[in-house]
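Written below as structure tokens is the structure these notes are about.
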Amino acid sequence: MAAAIRLARWHQGRTGSNPSVATLIVREIDGGPVIIGRGVTAIGGRPHAETQALAEAGEGARGATAFVTLEPCAHHGRTPPCAEALVTAGVARVVAACTDPDDRVSGRGYAILRAAGIEVCEGVLAEAAASDLAGYLARRTKNRPHVILKMAVSADGMIGAEGAGQVPITADIARRQVHSLRSVSDVIMIGSGTALADDPELTCRLPGLEGRSPIRLVLDRTLRLPVASKLARSARSVPLWLATSAQQDDPARAALASLGAEFLAAECHDGRLALPELMEDIAARGASTVLVEGGAVLATSLLDEDLVDRLILFTGAVTVGERGVDAPFALARLPDGFVPVRTMQYGPDRMDEFERQR
Ligand SMILES: NC(=O)c1ccc[n+]([C@@H]2O[C@H](COP(=O)([O-])OP(=O)(O)OC[C@H]3O[C@@H](n4cnc5c(N)ncnc54)[C@H](OP(=O)(O)O)[C@@H]3O)[C@@H](O)[C@H]2O)c1
């Protein structure tokens, strides 16, 4: 199952609104287990992992064991359900990690298999698989994407400096880690404060992964984003969404639209865009993971609304000093309700990852 979970990561962030799952078909050959078929959800979401793995295994699938990272689907969509494909192929045993919370599948995939006399073993490495499937599971169970809040804090507790644009807080290795995170996210979200202060590009610029940049989303109530900004100028090559309450006839809207920006109509509460509703709209557009790279104002709003599932905190070795912008949280003062899951050292910088306590 650990191997299947690793295989599923190959297409993470590239399977549209479907989750990236994997299947391995294994049988005993000469007294030891041998993988005779493997499949991962194809780029774009189809075909599913099971059918690809079964095709590779061919007749060898008869009597074999299938390892699946998510319960096989049970509903007739554009293709017959994967649970039926496993039955037809004659596998003897299915070992599964996560149960699919989709109403059309939940428990039904297993029921189809058991009704056909297949031995089913559920919940193997379920937590590890669920961590990679967090976006899909959040969309199905909470009707919103999985939200990762990333923040870089200097040694003196700052996230930037007033009027200084982008202030480097971490070094190269940590920055590349952030680009790697971007490559598996569907959406990067910032507030207009960061868009104006930093003029960021928010693309994935790792060699070979340039094509994996997610949609960039700016919360821009009154459409303050300049047409000359890097985000606006690159909107034709990397999608740019602007969440706004600006009217249809706002001139800024026409100018940004002509550069390729798309708009998400958002409601306003107390002078801020309504985040829970916005998250629902993002999920409805098929996006499962949101990486937040905004400043203190957006981070605080998301935490206050209980919309953060994971915190990624980089602590840099540099100090910002005078005119520094205070971090909303730091290692010594974390928001309530988060538990540590991982600490890494990237050159001079430290990275701590925390998960919302369930
Ligand atoms: N170290 C880091 O990790 C890091 C990351 C990003 C930024 N920064 C620094 O942070 C500073 C910018 O900070 P910031 O706090 O102004 O940026 P921000 O949090 O990204 O943007 C805040 C703005 O977003 C808009 N917004 C719309 N709806 C919102 C909502 N529901 N909740 C919160 N904001 C909403 C508001 O402007 P409108 O009213 O115009 O919509 C608000 O003023 C810069 O100095 C930048 O360098 C540091």
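The values are calculated or read from the model by the stated rules, or taken from the named source; none is laboratory data. Model, not experiment: these values are computed from the prediction. Backbone-built Cβ (ideal geometry, glycine too); neighbour counts: all protein chains shown. These accessible areas exclude ligands, DNA and RNA; they are computed on the full protein's heavy atoms, side chains included. Shrake-Rupley method; radii C 1.70, N 1.55, O 1.52, S 1.80 Å.
Mind jotting down the distance between the C-alpha centroids of the stretch 1-31 and the stretch 298-352, whole Å?
Computed from Cα coordinates, the inter-centre distance equals 32 Å.
Rounded to the nearest 20 debye, what is the charge dipole size of the stretch 141-297 about its Cα centre when +1 sits on each Lys and Arg Cβ and -1 on each Asp and Glu Cβ? Don't skip to the answer; put the middle values down first.
Working: 17 positive and 18 negative charges, 96 e Å.
Result for the stretch 141-297 is approximately 460 debye, rounded to the nearest 20.
Answer with one residue from Ala243, Pro226, Gly295: the one whose Cα lies farthest towards the positive end of the charge dipole of the stretch 191-340, charges on Cβ with Lys, Arg +1 and Asp, Glu -1.
Toward the positive end, the furthest listed residue is Pro226.
Given +1 on the Cβ of Lys and Arg, -1 on the Cβ of Asp and Glu, and no further charges, what dipole in debye does the stretch 2-132 carry about its Cα centre, rounded to the nearest 20? Walk me through the numbers on the way to the answer.
Values: 12 positive and 14 negative charges, 60 e Å.
Its charge dipole is roughly 280 debye.
Sorting Trp10, Trp241 by accessible area (1.4 Å probe), largest first, what list results? Write out the running numbers ahead of the final one.
Working: Trp10 175, Trp241 20 Å².
Ranked from most to least accessible, the order is Trp10, Trp241.
Rounded to whole Hz and in sequence order, give me ³J(HN,Hα) for the stretch 68-82 from the Karplus expression 6.51 cos²θ - 1.76 cosθ + 1.60, θ = phi - 60°, writing x for Gly and Pro.
Going residue by residue, I get 10, 7, 9, 3, x, 5, 10, 9, 7, x, 6, 10, x, x, 5 Hz, with x marking Gly and Pro.
With every protein chain present, what is the per residue accessible area of the stretch 210-312 (1.4 Å probe, Å²)?
Values: 4550 Å² over 103 residues.
On a per-residue basis, 44 Å².
How long are the three semi-axes of the equivalent ellipsoid for the stretch 1-117, computed from the Cα gyration tensor as the root of 5 times each eigenvalue, in whole Å, largest first? Show your work: numbers first, answer last.
Numbers: eigenvalues 84, 57, 29 Å².
After diagonalising the Cα gyration tensor, the semi-axes are 20, 17, 12 Å.
Which FRET efficiency, nearest 0.05, do Asp326 and Arg236 yield, Cβ-Cβ r, R0 30 Å?
Numbers: r = 37 Å, r/R0 = 1.22.
The pair Asp326/Arg236 has a calculated efficiency of 0.25.
Just how much of Glu56 is accessible, in Å², when a 1.4 Å probe is used and the result is rounded to the nearest 10?
90 Å²
Please calculate the 1.4 Å probe accessible area of Arg333, with all protein chains present, and give it to the nearest 10 Å².
110 Å²
How large, in percent, is the carbon and sulfur part of the accessible surface of the chain at a probe radius of 1.4 Å?
Numbers: 8230 of 16350 Å².
Roughly 50 percent, rounded to a whole number.
Just the C-alpha atoms of the stretch 203-335: what Rg/Rh do they give, with Rh taken as the Kirkwood radius? Write down the numbers at each step before the final one.
Details: Rg = 16.4 Å, Rh = 16.7 Å.
We get a ratio of 0.98 for the stretch 203-335.
Which values, in whole Å and largest first, are the semi-axes of the equivalent ellipsoid of the chain obtained as the square root of 5 times each eigenvalue of the Cα gyration tensor? Please report the intermediate quantities before stating the final value.
Working: eigenvalues 337, 105, 63 Å².
Here the semi-axes work out to 41, 23, 18 Å.
Hey, if you put +1 on the Cβ of every Lys and Arg and -1 on every Asp and Glu Cβ in the chain, which of Ile173, Phe314, Cys82 ends up farthest toward the positive end of that dipole?
Cys82
Quick one: dipole size for the chain, taken about the Cα centre, charges +1 on Lys/Arg Cβ and -1 on Asp/Glu Cβ, in debye to the nearest 20.
Values: 38 positive and 43 negative charges, 163 e Å.
Roughly 780 debye, rounded to the nearest 20.
Under 11 Å from the Cβ of Phe67, count the other residues' Cβ atoms, weight Lys and Arg +1, Asp and Glu -1, and hand me the total. All intermediate terms of the calculation are to be shown ahead of the outcome.
On the way: positive: Arg38, Arg93; negative: Glu50.
That sum, taken over residues with Cβ under 11 Å, equals +1.
Using a 1.4 angstrom probe on the protein heavy atoms only, line up Glu59, Glu355 by accessible area, largest first. All intermediate terms of the calculation are to be shown ahead of the outcome.
Details: Glu59 140, Glu355 40 Å².
Putting Glu59, Glu355 in descending order of accessible area: Glu59, Glu355.
What is the distance in Å between the Cα centres of the stretch 87-139 and the stretch 35-69?
14 Å
Send over a whole-number figure in Å² for the accessible area per residue of the stretch 44-171, probe 1.4 Å. Don't skip to the end; give the middle numbers.
Numbers: 5400 Å² over 128 residues.
Normalised by residue count, the accessible surface of the stretch 44-171 is 42 Å².
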